[in-house]
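Written below as structure tokens is the structure these notes are about.
FYI, it's all coordinate maths here, none of it is from the lab. From a predicted model like this one, the values you see are computed outputs, not experimental measurements. Using ideal geometry, Cβ is built from the backbone for each residue, glycine included, and neighbour counts are taken over all protein chains shown.
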Amino acid sequence: MEENKTITPDVKHESNVADVEKITVSETDTLKTENLIPQSRFNVVNDERKELLTWKDERVKAEERLKLEEMEKAGRYEEILGKKDSEIERLTKIEERFLTWESEERNRQLSLIPEQEREKFQHLSVEDLKSINQTFTPEDNRAPIDTVRASARMNVIKPFSAKHNAKDEQKKGWADKLKSYR
């Protein structure tokens, strides 16, 4: 249940009392505004969070470098090689996945370009190909009409066209149209 409250602003000048408008605020609006954070405060906290995350990442990397230096001094080269090998394996898998994605995405973006123009754009990066395709693709991206299934076309409302009907047919057409809405 929504209750409306009327709030009148405090006015110190009596000459402006006639111009004061009453502001109506619903209960839900007040609840919504109570939970909101001012954008400036959000930005400050978000910036601090980003700074702390970068500081944390730098600290972790520095600690790892110190551990490696201590291991080098102690002569534990096999452990260092083991860590580096496991890191190389992990990164190699990520690189393979990225390269396959990149080649698939490049082929997909190139397939959107006409065949006679593909050679011109073959050397561009995936991001450049995406921007070119977005620039030259029409904005009218309607879903294709399903011609196979009749159920997709079943409930389509056809617009009433009065241009092609004679006067009597127009009257009958409007009467039928009005009956269909009842």
Discussion item. Treating only the Cβ of Lys, Arg, Asp and Glu as charged (+1, +1, -1, -1), what charge dipole size does region 28-75 show about its Cα centre? Round to the nearest 20 debye.
Written reply: 60
Worksheet item: In sequence order, what are the phi-derived ³J(HN,Hα) couplings for region 60-69 according to the Karplus relation 6.51 cos²θ - 1.76 cosθ + 1.60 with θ = phi - 60°, rounded to whole Hz, with x for glycine and proline?
Response: 4, 5, 5, 5, 5, 4, 4, 4, 5, 5
Item to complete: Return Val126, Val60 ranked ascending by Cβ neighbour count within 10 Å, so the fewest neighbours appear first.
Response: Val60, Val126
Practice prompt. Rank these for me by crowding, Tyr77, Tyr181, going from fewest to most other beta carbons within 10 Å.
Written response: Tyr181, Tyr77
